[in-house]
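The values are calculated or read from the model by the stated rules, or taken from the named source; none is laboratory data. None of these values were measured; they are calculated from a predicted model. Using ideal geometry, Cβ is built from the backbone for each residue, glycine included, and neighbour counts are taken over all protein chains shown. These area figures cover heavy atoms from the full protein model, side chains too; ligands, DNA and RNA do not enter into them. Shrake-Rupley method; radii C 1.70, N 1.55, O 1.52, S 1.80 Å.
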Amino acid sequence: MSEASPQSRALVLFSGGQDSSVCLAWALARHAHVETVGFDYGQRHAVEMEQRSVVRDAIRAQFPQWAARLGEDHVLDMRGFGAVGDTAMTAEREFELTEKGLPNTYVPGRNLVFLTYAAALADRRKLRFLVGGMCETDFSGYPDCRRDTLDALQSALNLGMAQDFVVETPLMWLTKAQTWELAASLGGEALVELIVEDSHTCYRGTRGARHDWGHGCGECPACDLRRKGWNEWVAAGRPGLAA
Ligand code: ZN
């Protein structure tokens, strides 16, 4: 899927959530130098942005083999874009399905915009690999998470920026249970625990109680997916962890 080398440099689209935290670990295991980028698009809850540095610091502290590879963090101001899509991600609304059958957390074209900004940053920073947690499995119906979309965008970015970017999506075909398995195989119990404790998924921005699967309200669609994936992984005997 890509030609990683000992000199390879990557940029991870990193929100501080479960998926992008696993992507960050995946990139650190694979690439020589890894930077992160976050997008401030006026999220309803500051906790999402706060957990980014908590996860980064915890990885640096607990995984010395990755610490030297973990480079700068960048935060891009996307509030203008956030204002365009008046959705449940940025406005105070209840979660529901739109007439197209998409959750109203869907922001039209978000991944296209984020990846384009990420590519512009990567161009300046000489980072070839763009790593994102987009996923077609457990599909929420987001058309810009499809690998076909990302293949087309990769071509457009390479043509339009005269570059040789590789858009890597390690979670594309994984279920949420398999994402836990990937975390376990990358960093064992310590990485699983780090992601449970420090990554943030809940749409409501609730840290609150610590469940087996992490912090969150336990009721929103994001918590629901995360809990189900966790339970499935546990029921399968926690694959990925050494016996
Ligand atoms: Zn929640």
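Remarks
- Residue within region 224-233 that is within 10 Å of the ligand (Cβ to nearest atom), in a helix (DSSP H, G or I) and open to solvent by less than 20 Å² (accessible area, probe 1.4 Å) present: yes
- Test: residue in region 37-53 that is touching a Phe, Trp or Tyr at 6+ places or on another chain (Cβ under 7 Å) and open to solvent by 30 Å² or more (accessible area, probe 1.4 Å): no
- For H211: the one exception among (1) modelled with pLDDT of 95 or more; (2) within 16 Å of the ligand (Cβ to nearest atom); (3) crowded, with 19+ Cβ neighbours inside 10 Å: (3)
- The residue of region 214-223 that is farthest from the ligand (Cβ to nearest atom), among those that are buried (at least 18 other Cβ atoms within 10 Å of the Cβ) and modelled with pLDDT under 90, is A222.
- Taking first residues from region 205-217 that are among the hydroxyl-bearing types (S, T, Y) and partners that are more than 10 Å from the ligand (Cβ to nearest atom), no Cβ contact under 6 Å between residues at least 6 apart in sequence or on separate chains turns up.
- Where a residue in region 11-34 is on the phi > 0 side of the Ramachandran plot and its partner, wherever it lies, is of a type in the set (D, E), with Cβ under 7 Å and at least six apart: G16/E48
Quick grid of which residues meet (1) assigned to a loop (DSSP other than H, G, I, E, B); (2) not polar (S, T, N, Q):
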site: D123; (1), (2): no, yes
site: G133; (1), (2): yes, yes
site: T149; (1), (2): no, no
site: L157; (1), (2): no, yes
site: Q163; (1), (2): yes, no
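- Test result for T201, within 17 Å of the chain's Cα centre (by Cα) and not aromatic (F, W, Y): yes
- Among the residues of region 54-83, those identified as loosely packed, with under 15 Cβ neighbours inside 10 Å and out of contact with any strand residue (DSSP E or B) (no Cβ under 7 Å at 6 or more places or on another chain) are D57, A61, Q62, P64, Q65, A67, A68, G80, A83.
- Those residues of region 119-157 which are open to solvent by 40 Å² or more (accessible area, probe 1.4 Å) and modelled with pLDDT of 95 or more, in sequence order: A120, D123, R124, R125, K126, R128, D151, A152, Q154, S155, A156
- Single match in T201, T169 (criterion: touching a Gly at 6+ places or on another chain (Cβ under 8 Å), within 23 Å of L28 (Cα to Cα), open to solvent by less than 60 Å² (accessible area, probe 1.4 Å) and away from the ligand (no atom under 16 Å from the Cβ)): T169
- Filtered residues of region 183-201 (kept if assigned to a helix (DSSP H, G or I) and of a type in the set (S, T, Y)): S185
- Taken together, A183, A190, A162 contain a single residue that is more than 11 Å from the ligand (Cβ to nearest atom), under 29 Å from A10 (Cβ atoms) and out of contact with any helix residue (DSSP H, G or I) (no Cβ under 8 Å at 6 or more places or on another chain), which is A162.
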